[in-house]
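All remarks here apply to the structure that follows.
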Amino acid sequence: MDEDGYFGEAIAARYDEGTNPAEVEAAVGLLADLAGGGPALELAIGTGRIAIPLAARGVEVHGIDLSRAMVRRLREKPGGADMPVKIGDMTQVRMDATYRLVYLVFNTIGNLTSQDAQVACFQNAAAHLEPGGLFLIETGVPQLRRLPPGETARVFGHTDTYWGIDEYDPATQGLVSHHLTLVDGKYEVESIPFRSVWPSELDLMARLAGMHLRDRWADWDRSLFTGESRKHVSVWAKPTEAQ
């Protein structure tokens, strides 16, 4: 693992290949609505796949990211060259501003592989919010119910040239996501560790950071979150000065 963590040049070079334009449009639409004109801070801003179109909606967007390789891709995009971004750990780095909206998408809360780190992320997000500001996370719901008894792995995606396999450790909430990609007749393997986390645990982290749950949806379209939902988009609010 290099200085960019698990998101070095090899990942950055093809990170946007799996982008779903419809999903990005839906995400940007909801984020723009919640930001109310901004400003907004994206934790793990990466290549700017969300930040760039959100800024095009008129929202001033800033970012934090650990990976220089990912941010280089952002800088190459129209509108990305001058976007304020700090390189570093999203649990610790502070921007010199406060925001109406802080957001963290695409399961990235799980890249923090300890409970302490995830709690610190909530605390850092809350410290960046103006009174009444919102913190949004998009992430999957742990799929332990789909594991047969005694098994610890499940395939989450496959094509003729790709296999994705999640390996769970239920005792520690550990999760390793294995990506096998066929390149020039050979499979290249990338394994990235995560910490799976339940929505209720995230709610407690928010409370520890002085925030409360405002909304939880099953997807960016604000559809109803249920026990069968495989992911959630959750929004926590920082109290106003009067509260």
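For the stretch 45-53, in order, what is each residue's ³J(HN,Hα) by Karplus, 6.51 cos²θ - 1.76 cosθ + 1.60 with θ = phi - 60°, in whole Hz (x at glycine and Pro)?
Along the stretch 45-53, the couplings run 5, x, 7, x, 4, 9, 4, 5, x Hz.
Gain in length, Arg72 to Thr181, computed as 0.36 nm per residue apart minus the alpha-carbon separation, to one decimal in nm?
So the extension gain works out to 36.8 nm.
Only Lys, Arg, Asp and Glu count, each charged at its Cβ (+1, +1, -1, -1), so figure out the dipole size of the chain about its Cα centre, rounded to 20 debye.
Roughly 460 debye, rounded to the nearest 20.
Could you give the C-alpha radius of gyration of the stretch 191-241 expressed as a fraction of 2.2 N^0.38 Å, taking N as the number of residues it contains?
Relative to the 2.2 N^0.38 Å estimate, the stretch 191-241 comes out at 1.29.
For the chain, what's the radius of gyration and Dmax over Cα atoms, in angstrom?
Rg, Dmax (Cα atoms, Å): 17.7, 63.
Tell me which aspartates and glutamates have Cα within less than 14 Å of Lys186's Cα, excluding those fewer than 8 residues away on the same chain?
The reachable aspartates and glutamates, counting only those whose Cα sits under 14 Å from Lys186, are Asp160.
Can you tell me the FRET efficiency between Ser191 and Gln115 if r is taken as the Cβ-Cβ distance and R0 is 30 Å, rounded to the nearest 0.05?
The computed FRET efficiency comes out at 0.90.
Within the accessible area of the chain, what % is carbon and sulfur when the probe is 1.4 Å and the other protein chains stay in place?
Roughly 52 percent of what the probe reaches on the chain is carbon or sulfur.
Spelling out what I want: for every residue of the stretch 104-118, take phi, set θ = phi - 60°, compute 6.51 cos²θ - 1.76 cosθ + 1.60 (Karplus), and round to whole Hz; glycine and proline get x.
Ordered by residue, 3J(HN,Hα) equals 9, 10, 6, 6, 6, 4, x, 5, 8, 9, 9, 4, 4, 5, 5 Hz.
Whole Å is fine, so just give me how far the alpha carbon centre of the stretch 184-243 lies from that of the stretch 88-148.
8
Hey, what does the equivalent ellipsoid look like for the stretch 120-243, semi-axes from the Cα gyration tensor as sqrt of 5 times each eigenvalue, largest first, whole Å?
One finds semi-axes of 34, 16, 14 Å for the stretch 120-243.
Report the convex hull volume per residue for the stretch 87-172, counting only C-alpha atoms, in Å³.
In the stretch 87-172, the Cα convex hull volume per residue is 134 Å³.
If you take every DSSP beta bridge whose two residues both sit in the chain, what share of them, in percent to the nearest 5, is antiparallel?
70
Along the Cα→Cβ direction, 7 angstrom out, place labels at Val155 and Arg222. What is the inter-label distance in nm?
Modelled inter-label distance: 3.8 nm.
Label Leu144 and Arg94 with points 7 Å out from Cα along Cα→Cβ: what is the distance between them in nm?
3.6
For Glu201 and Ala81, what is the calculated FRET efficiency with R₀ set at 35 Å and r taken between the beta-carbons, to the nearest 0.05?
The pair Glu201/Ala81 has a calculated efficiency of 0.35.
Over all alpha-carbon pairs in the stretch 19-78, figure out the percentage whose distance exceeds 16 Å.
40
Against the 2.2 N^0.38 Å scaling, with N counting residues, where does the stretch 1-131 land? I'd like the Cα-based Rg ratio to two decimal places.
Here the Cα radius of gyration is 0.99 times the empirical estimate.
The values are calculated or read from the model by the stated rules, or taken from the named source; none is laboratory data. Just so it is clear, the model here is predicted, and its values are computed rather than measured. Because the Cβ atoms are built from the backbone with ideal geometry, glycine has one as well, and the counts that use them run over all protein chains shown. These area figures cover heavy atoms from the full protein model, side chains too; ligands, DNA and RNA do not enter into them. Shrake-Rupley method; radii C 1.70, N 1.55, O 1.52, S 1.80 Å.
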